[in-house]
Amino acid sequence: SDDTFWYEGTPFPRAHYSPELLRKVQEEFVLKDEDVVTVTFPKSGTNWLIEILCLIRSKGDTKWVQSVPTWERSPWIETKPGFASANKKEGPRLLSSHLPIHLFPKSFFSSKAKVIYVIRNPKDVIVSSYFFWNSINWIEKPKSVEQYLEWFLEGKVPYGSWFDHVRAWMSMRERENFLMLSYEELKHDTERTVEKICQFLGKKVEPEELSLVLKNSSFEVMRENKMSNFSLLDECYLVHKNPLMRKGITGDWKNYFTVAQAEAFDELFQEKMADLPRELFPWE
Ligand code: A3P
């Protein structure tokens with residue numbers, strides 16, 4: 001529809017992206033060796049990981065996460081304000097992106113900048129996205145989970161095909177400066193996963209600090225933090241309709257998919273991802 005443009009095979013909402021900026025990000029954005037970038041397909045746990053990274057940096061202290069909004073602590077490089085704010089930032093930066101790998105800054109591939117890529121059960125991504133896009137006033141709203149599922153399978157959603165996004169980023173998984181995590185392991189083994197993140201970052205965290213990081217990045221605490229729960233984005237995101245911190249669980253798809261839909265989805269997943277080891281996808 002009219003609210004979308006396609007850039008190198010990927011659809012983007014016109015309201016917040018432009019082909020010129022996407023080209024600039026890809027060609028000119030300089031990633032530095034000390035940068036840490038959160039990369040996800042939308043609704044996979046982006047904001048959760050950002051909160052964890054910020055809290056690791058502040059040793060669990062909440063001053064930073066409670067006084068500066070997420071998108072300023074870890075700017076989204078492909079958006080206009082994010083690009084500007086990322087370029088102004090000093091020192092080791094936290095950055096975020098939803099870009100598919102073929103549109104990611106070229107400078108990454110010759111740098112030591114670290115990327116953490118979070119995947120999530122695509123059926124849960126679909127449900128979470130359905131609610132999220134329904135609260136946004138600059139994009140065509142899906143009328144039902146079923147309709148959103150159709151768009152998702154056709155790759156006609158912001159940032160394109162989940163399958164292509166995940167597959168292409170996964171090809172980086174043997175790299176030293178790349179860490180792949182899942183929403184599921186974050187949820188079910190948060191402590192061990194946060195330790196894994198610290199190890200990847202080369203950060204030593206004391207046990208008391210670790211427990212503060214865990215407490216302050218919990219769903220309940222994040223939901224109440226207006227710097228993290230998107231309530232400041234009032235004009236473009238109707239938080240009261242569907243909060244960003246909506247449910248924060250795994251397997252919510254079971255409440256929305258029919259048995260037939262789930263079976264058809266699994267079959268297609270199998271078809272598209274058959275050549276990848278099953279253990280890369282840690283969900284049922
Ligand atoms: P649900 O809609 O399933 O609840 P993103 O940050 O990529 O937009 O992803 C948003 C999803 O992550 C939402 O999923 C949200 O509830 C979940 N989430 C955010 N913070 C979380 C936390 N601390 N613990 C668990 N889930 C969290």
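The values are calculated or read from the model by the stated rules, or taken from the named source; none is laboratory data. Keep in mind that this is a model prediction, so the values were computed, not measured. Note: ideal-geometry Cβ built from the backbone for every residue, glycine included; neighbour counts use all protein chains shown.
Structure summary
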{"quantity": "All positions within the stretch 95-119 that are over 20 Å from Gly9 (Cβ atoms) and either in a helix (DSSP H, G or I) or without any contact (Cβ under 8 Å) to a residue 40 or more places away in the chain (or both)", "calculated": "Ser107, Ser110"}
{"quantity": "Output for the stretch 79-94, where each listed residue is touching a strand residue (DSSP E or B) at 6+ places or on another chain (Cβ under 7 Å), among the aliphatic types (A, V, I, L, M) and closer than 18 Å to Arg23 by Cβ", "calculated": "Ala86"}
{"quantity": "Residues that are at negative phi, modelled with pLDDT of 95 or more and crowded, with 17+ Cβ neighbours inside 10 Å, drawn from the stretch 234-268", "calculated": "Thr250, Asp252, Trp253, Tyr256, Phe257, Phe265"}
{"quantity": "Failed item, numbered, when Ile197 is tested on (1) under 13 Å from Glu51 (Cα atoms); (2) within 12 Å of the ligand (Cβ to nearest atom)", "calculated": "(2)"}
{"quantity": "Criterion (free of Cβ contacts under 8 Å to residues at least 60 places away in the same chain, away from the ligand (no atom under 13 Å from the Cβ), surrounded by 13 or more Cβ atoms within 10 Å (Cβ to Cβ) and not hydrophobic (A, V, I, L, M, F, W, C)) met by exactly one of Ser218, Ser231, Ser211", "calculated": "Ser231"}
{"quantity": "Within the stretch 199-208, considering residues that are surrounded by fewer than 17 Cβ atoms within 10 Å (Cβ to Cβ) and of a type outside the set (Lys, Arg), the one nearest to Ile116 (Cα to Cα)", "calculated": "Phe200"}
{"quantity": "Residue check for Val221: touching a helix residue (DSSP H, G or I) at 6+ places or on another chain (Cβ under 6 Å), over 28 Å from Glu146 (Cα atoms), in a helix (DSSP H, G or I) and among the β-branched types (Val, Ile, Thr)", "calculated": "no"}
{"quantity": "Residues of the stretch 245-284 that turn out to be within 16 Å of the ligand (Cβ to nearest atom) and among the basic types (Lys, Arg), as a count", "calculated": "3"}
{"quantity": "Leading residue by the ranking (farthest from the chain's Cα centre (by Cα)) among those in the stretch 144-190 that are on the phi > 0 side of the Ramachandran plot and buried (at least 17 other Cβ atoms within 10 Å of the Cβ)", "calculated": "Gly160"}
{"quantity": "Any helices (runs of 4 or more DSSP H) falling wholly within the stretch 1-94 and containing at least 3 residues that are more than 16 Å from the ligand (Cβ to nearest atom)", "calculated": "19-28, 80-88"}
{"quantity": "Subset tally (residues that are touching a residue at least 24 places away in the same chain (Cβ under 8 Å) and away from the ligand (no atom under 15 Å from the Cβ)) for the stretch 120-148", "calculated": "4"}
